[in-house]
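The values are calculated or read from the model by the stated rules, or taken from the named source; none is laboratory data. Every value quoted in this text rests on a predicted model; they were computed, and no experiment measured them. Methodologically, a virtual Cβ is constructed for each residue, glycine included, from the backbone with ideal geometry; neighbour enumeration extends over all protein chains shown. Heads up: the accessible areas ignore ligands, DNA and RNA and are worked out on the full protein's heavy atoms, side chains in. Shrake-Rupley method; radii C 1.70, N 1.55, O 1.52, S 1.80 Å.
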Amino acid sequence: MDWKLFIARRIYKNKEEGERNVSKPAVRIAIAGIAIGLAVMIISVAVVIGFKHEVRDKVIGLGSDILITSLDEVQSYQVTPIVGDDSLMSVLGAMPGVRHVQRYATKPGMIMTSDNFQGIVLKGVSQEYDLTFLKRHLLEGEIPAFADSVSSFQVLVSKTIADKLGVKVGDKLSTYYVENNIRARRLTVAGIYQTNFSSYDDLFLLTDLRTVVRLNNWKEGQVGGLEVSVSDYARLNETNEQMLSFFYGKTDRYGGKYYSQTVEEVYPQIFAWLGLLDVNVWVILILMVGVAGFTMISGLLIIILERTNMIGILKALGADNTSVRKVFLMLAVFLIRKGMFWGNVLALTCCALQHFFHLIKLDPAVYYIDAVPVELNVGVWLLLNVGTLAVSVLMLVGPSYLISRILPARSIRFE
């Protein structure tokens, strides 16, 4: 065994056994600083990653990764149809990076009861619609069999609208739509859902595509738009560029022009808000690394001053400054390693408790979710541990040069 490692271990074990009580508080503070700093970093990153993914998945679940609509609708904010027939669906579905394509249509209207009313947007979906998100957020009733060839006259209503109007599963809703004249539809509540996404829950009712297409008086094959899900979100922009290139210069048989947007372009405020969370994480990481590093620096300086006599003896026996510095840097690694162990235990315990028991709640009206989410990425977790060890050791290199100022002739007599 290398003599420097041997001496470092002996000093470390002596500290553990409390042989020299004068440095014990400093050692404990250094270990605690590393543990708390690493725990805060792991928990902060896990919460931010979990929060971003939860909100992003909810926004995508309410729509899609890529939205294909009429170019006129994007420019004028009017509901303008495009042709979304089976041949176009097949071509888009076969594109690289595309996982699923589904059609939809919307119609603004109003619900009226005997004593209340509510503005709504009726969204029609077809039989290929992915119901995974809706099933996960269904509270009561069932999801009707949506189709694009027959009208079911059944709807899914959000809990927000149901509570406001006092309706329940099985009730009839009188809905009205104004265009050139007033058109009415009597719809049956098949189920009640809740996404906690206020801009969606406050407005949207879901029914079959044919009902909405007929309300809009659209021609054969026309729909409000196409929702495209991608297989790899990291290549979202690349897939959207592919869509834009495909539709460039193309029009449907009624003269409509296609336009493709990513979910980040459709909801820029939400994704800009999520992007700001990364800034908060970096601030926390820098502060915690600084706290952990400075506690280790203070602990190392106290240990060096305490072991001045030993340093003088080692130099008198022929050890150079570099070798003695390595002894104390190895000792610091032992202390950092112990602090990292307890930091990981603390962080993983807190994350597990929050993940399984949802101890810390959130206001879904503000944050779109009802509890603080945590998502532990193994790669990020390893990077935080390696980074903490590397930065902490690098911060100790400078203070370790204090050893070079200790002279054997004076230090051997130092107590």
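Can you tell me which of (1) without any contact (Cβ under 8 Å) to a residue 24 or more places away in the chain; (2) among the polar types (S, T, N, Q); (3) in contact with a Leu (Cβ under 9 Å, 6 or more places away or on another chain) is the one THR188 doesn't meet?
For THR188, the failing item is (1).
For segment 215-236, does any single residue satisfy the condition of being farther than 21 Å from LEU92 by Cβ and either open to solvent by less than 30 Å² (accessible area, probe 1.4 Å) or touching a residue at least 40 places away in the same chain (Cβ under 8 Å) (or both)?
Checked segment 215-236: at least one residue is farther than 21 Å from LEU92 by Cβ and either open to solvent by less than 30 Å² (accessible area, probe 1.4 Å) or touching a residue at least 40 places away in the same chain (Cβ under 8 Å) (or both).
Considering only segment 240-348, give the helices (runs of 4 or more DSSP H) lying wholly within it that have at least 3 residues that are of a type in the set (S, T, N, Q) and either open to solvent by less than 30 Å² (accessible area, probe 1.4 Å) or in contact (Cβ under 8 Å) with a residue 24 or more places away in the chain (or both).
Qualifying helices (runs of 4 or more DSSP H): 268-306.
Restricting to segment 349-386, give me the number of residues that are among the hydrophobic types (A, V, I, L, M, F, W, C), within 21 Å of MET288 (Cβ to Cβ) and surrounded by 12 or more Cβ atoms within 10 Å (Cβ to Cβ).
Going through segment 349-386 one residue at a time, the tally reaches 12.
Are any residues in segment 7-24 at pLDDT 70 or above and open to solvent by 70 Å² or more (accessible area, probe 1.4 Å), and if so, which ones?
ARG9, ARG10
List pairs: first residue in segment 165-176 and touching a residue at least 60 places away in the same chain (Cβ under 8 Å) and under 10 Å from LEU187 (Cβ atoms), second residue in a loop (DSSP other than H, G, I, E, B) and not basic (Lys, Arg) anywhere in the structure, Cβ distance under 9 angstrom, at least six positions apart or on different chains.
Hits for this filter: LEU173/THR113; LEU173/VAL167; SER174/THR113.
Among the residues of segment 164-192, count how many are of a type in the set (A, V, I, L, M) and outside any strand (DSSP E or B).
Count: 3.
Across segment 153-178, what is the number of residues that are more than 16 Å from GLY119 (Cα to Cα) and among the aliphatic types (A, V, I, L, M)?
Here the count works out to 1.
Can you run down the residue pairs with Cβ atoms below 8 Å, 6 or more apart or on separate chains, where the first is in segment 91-108 and on the phi > 0 side of the Ramachandran plot and the partner is open to solvent by 30 Å² or more (accessible area, probe 1.4 Å)?
Close Cβ pairs satisfying both conditions: GLY97/SER231; GLY97/ASP232; GLY97/ARG235; GLY97/GLU238; GLY97/GLN242.
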